[in-house]
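So the structure is just underneath, and the comments pick up after that.
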Amino acid sequence: MGRILAIDYGVKRIGLAVTDEMQMIAFGLTTIATTEIFAFLSDYITKEKVELILVGEPKQMDNTASESEVYIKPFLVKLAEKFPAIPIKRHDERFTSKMAFQTMLDSGLKKKQRKNKALIDEISATIILQSYLSIV
């Protein structure tokens, strides 16, 4: 069984999370600059067996696509071209940034640490992945 890799796409940064090989536990992997994502993924996928790529799907409260979807669509096309053997799924990511920030508060991180937007992106990817695992 391979890992599931979750992506929380952002214009500047991308948060990444993965499962264990049994696909039971989601954990944060890293945050990478958006410009470096394909080099990072190529390297990671050659080292680890990735069975599925899960990309966060931002939606409005009325279930319509978020304005950031404009940036995600071209990314999805390129992702599918670069890794045609790996299926790509989308998963609702509403409120993950707020949940990530609350997680940081609950874990007792200092104010300076909570301002680390890269950490928020990584935690958001983990929440997206854990949410997906809870329904499959």
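Quick note: the coordinates plus some simple rules give every number you see, no bench work behind them. All values derive from a computational prediction rather than experimental measurement. Please note: Cβ atoms are built from the backbone with ideal geometry, for glycine as well, and neighbour counts cover all protein chains shown.
Give me the net charge for the shell around GLU21: Cβ to Cβ below 10 angstrom, other residues only, Lys and Arg +1, Asp and Glu -1.
Local net charge: -1.
Mind listing the phi-derived Karplus ³J(HN,Hα) values for the stretch 76-87, rounded to whole Hz, using 6.51, -1.76 and 1.60 with θ = phi - 60°, and x for any glycine or proline?
My calculation for the stretch 76-87 gives 5, 4, 5, 4, 5, 5, 6, 10, x, 7, 10, x Hz in order.
Grab the other residues whose beta carbon is less than 12 angstrom from that of LEU54, score K and R as +1, D and E as -1, and report the net.
For residues surrounding LEU54, the net value is -2.
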